[in-house]
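The block underneath contains the structure these notes are about, expressed in structure tokens.
Bear in mind that the values in this text are calculations on the coordinates, not laboratory data. As the structure is a prediction and not an experimental result, all values here were calculated from the model. Cβ coordinates were reconstructed from backbone atoms using ideal geometry, including for glycine residues, and neighbour counts include every protein chain displayed.
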Amino acid sequence: MRKSIFGLGGLQLVVSTVLIGVIAVILGQTLGAGLTIGLMLALSSTAIVLQTLDEKGLMKQASGQASFSVLLFQDISVVPILALIPLFASSAVSAGTAPHEEARTIGGLEITGWVQVLMMLVVITGIVVVGLYLVKYVFRIIARTGLREIFTATALLLVIATAMLMDLVGLSPALGAFLSGIVLANNEYRHELEADIEPFKGLLLGLFFISVGASINFGLLISSPRLILSLLFSFIAVKFMVLFILGRFFGLRGGQNTLFAFALAQGGEFAFVLVAFSLQNGVIDVGVSSILLLVVALSMALTPLLLLLNDKLILPLAFRSENLREQDVIEGNGHPVIIAGFGRFGVVMGRFLIANGIKATILDDNPDNIEVLKKIGFKVYYGDASRADLLASAGAREAKVLVVAVDDKHQSLKIVDLAQRNYPHLKILVRSIDQEHTYELLDRKVDGFKRDTFESSLSLGTEVLTHLGYNNYRAHRLAGTFRQHNRKVIHELYRHHGEDEKKYLSEAKKYASELEVLLQAENEDSDHEQDSSWDVSSRREEIQQLNQSSSEGSN
Amino acid sequence: MNRISILVFHPLLHKSRVNQKLVRAVEGMEGVSLRFMYDIYPDFFIDVLKEQEVLLENDILVWQHPFYWYSSPSLLKEWIDLVLEHGFAYGRTGRALEGKQILSAISTGGRRETYLSAESGKFSVRQLMAPFEQTTKLCRMHYLPPFVTHGTHLLDERGIEEAAGRYATVIGALRDGLYSLEEIRKYEYINDLIL
């Protein structure tokens, strides 16, 4: 992952920036403006790409992973880019009116030059320190109140406050928000925060795009369509070529690579911020900025079309046997078992079944897995098992057992619900991911489930005992006792679960409290020694007592 | 009415001709419950507390199994070793099973005559079952004459049906307490009780 983030991500940014910069300079921009334009156009749209890939279920594939790496690197580099842009101002066209040379007023005081830089540093350091060390205590106190609304409000306050603070010292508010995001990512409450901010994200993103949309001068497209369209297509072409070649270089093949290149070939929302920022700093002029805004916006709008083009036209033509494709057509085979999810977990079970001559229809949505498995001779089909049509064509009607072995619990439950609704005759056996998932499965009364890590963890634990000097059989029996006891504990916990659900806890706390309840229930289970019969000590004791009393009696 | 728990110890029940039929003959009888032990404990990990609970809930216990090597399949031995705990089943304070009846229902390939030809130095079924009898006596239980299906390899369908019918009759009689212990103990096999 590190290699793809810094290698692929870094190269993409540098190469795209240089190429686009060179073109900009050739088209008459100064060196500084050219570099700035290169930087802003090298960025792709995180919002569009991640959502699209997620919708298509491609995030776990090579192309999804590579896209994610590139986007991550781009997002990280926004901070230094924001710092860099003012430096280009001196070589820019209208340097004379650049506001950074004007005195700013903060709190009624006129502040210039070094003082401002110093204040920036102080504010950034302050935000980082507060974010890293203080905020978690605040959140801890708030979480303890159990009021969700206050939690959300605090998160928003934090974001808005940082943004305004940054604005006050002359930095971009976007940078501030971004910085606080990075800082909060280390917080134990980050999943709660993410969930809380989610609705605002959608809303504000909407606002952002509306304002950007409103600032786009579509008149330009009508007045000089040739200029705009040729810029647009050469922009996309340059980005596509860079991505395609780099992708190839980093091991992406065929359809994965074209998908990767098309997905990231647009401009991103950060470009809007950067355009505004560099206009404000006088790096570029109004004419260039409106052209840039229009080109970026159009390229974003084109993304879905490009991906469609890739899916429908380029893939079928160029990579007919490629693994990125429509769901496989599954011949009606009447296999008794369907295995949904054939990753690390499903594969052992699949081998076991096949070794015993049991035919299984295997569904998986990771094409990389499928190619490998097919090579070895497994019958594996590509597709998302939580879709009704795929389950139907996999032969759910004739099958006896459905094994749900996917590693995503939401998908897992979706498959279970779907199967229970449509195929009541199917026995459903599920790989359980965690406690919550187990409860959900107990709610649904599936025919069987196994915690995916339980057995392997327990058997390694058994080995720990033998290495501590326990004899093998004893360790084995102790594991058996524990397994039996675990079954009771799970059902015990299931009965109590729901009581604590209303408590609002951070992820880490939630796990800890789960553990606490688990261990408590563990202690309450009677400590009957399973194998006490083999231990003759109680008999010996009794006989010795008898002996004693009889010898006392005879005295 | 006595409650009867039949513990079936057969590692390959689906291939057995006789034991399957015997099971089917008593399945669903009122007051009679069946436990397929190899099904419940495929890993030989017997839930001791659960088994003891079953013992406490019933008045008559049946061990039904093929007569492997003049004895039982190994899971029954494991069961005896672990479930009949000191302090529960025997010992000064172990009186949980006192007065309960216990029946062995076994099937064997050998014919009855084979086991009875004492001149060749062989042992009778009753002699061979002595460890089970002695075990249950130590638990203060009443060991009943066993129900034995002989010559299973030579039995035809009709013979098996007949044995199964007899088994059901015996189980029913024990459940309803039709015969006194003295009456039953007169016979070498409980099969002979009903002729």
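Data for the structure
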{"item": "The range B:4-193, relative contact order [Cα under 8 Å, separation at least 6], %", "result": "24 percent"}
{"item": "Cα-based Kirkwood hydrodynamic radius, the range A:392-456, one decimal, Å", "result": "11.9 Å"}
{"item": "Computed over the range A:250-292, the ratio Rg/Rh where both radii use C-alpha atoms and Rh is Kirkwood", "result": "1.26"}
{"item": "Sites matching GluC sites (Glu not before Pro) across the range B:85-134 that sit in DSSP coil, with at most 10 neighbouring C-beta atoms within 10 Å", "result": "none"}
{"item": "Value of [θ]222 nm, deg cm²/dmol, for chain B, DSSP H segments ≥ 4, -39500 (n - 2.57) each, nearest 500", "result": "-10500 deg cm²/dmol"}
{"item": "Exercise: per-residue mean of other protein chain Cβ atoms within 10 Å, A:537-544", "result": "3"}
{"item": "P(r), alpha carbons of the range A:2-318 - 20 Å bins starting at zero, rounded %", "result": "30, 57, 13, 0"}
{"item": "Rounded if a/c under 1.5, otherwise prolate or oblate - the protein assembly as shown, Cα gyration tensor axes", "result": "prolate"}
{"item": "Average beta carbon contacts from partner chains per residue of A:218-228, 10 Å cutoff", "result": "0"}
{"item": "Cα-Cα pairs of the range B:4-193 separated by more than 30 Å (percent)", "result": "15 percent"}
{"item": "Spherically averaged projected area of the range B:1-108 from its Cα convex hull (nm²)", "result": "7.1 nm²"}
{"item": "Percent antiparallel among DSSP beta bridges (both partners in the protein assembly as shown, rounded to 5)", "result": "10 percent"}
{"item": "Under the Karplus curve 6.51 cos²θ - 1.76 cosθ + 1.60, θ = phi - 60°, whole-Hz ³J(HN,Hα) for the range A:257-272, x wherever Gly or Pro sits", "result": "6, 5, 4, 4, 5, 5, 4, 9, 7, 9, x, x, 5, 5, 4, 4"}
{"item": "Links that overshoot a 18 Å alpha carbon limit, given the list A:Lys60/A:Lys239; A:Lys409/A:Lys450; A:Lys427/B:Lys21; A:Lys359/A:Lys414; B:Lys122/B:Lys186", "result": "A:Lys60/A:Lys239; A:Lys427/B:Lys21; A:Lys359/A:Lys414; B:Lys122/B:Lys186"}
{"item": "Average beta-carbon neighbours from other chains, 10 Å sphere, peptide B:81-87", "result": "4"}
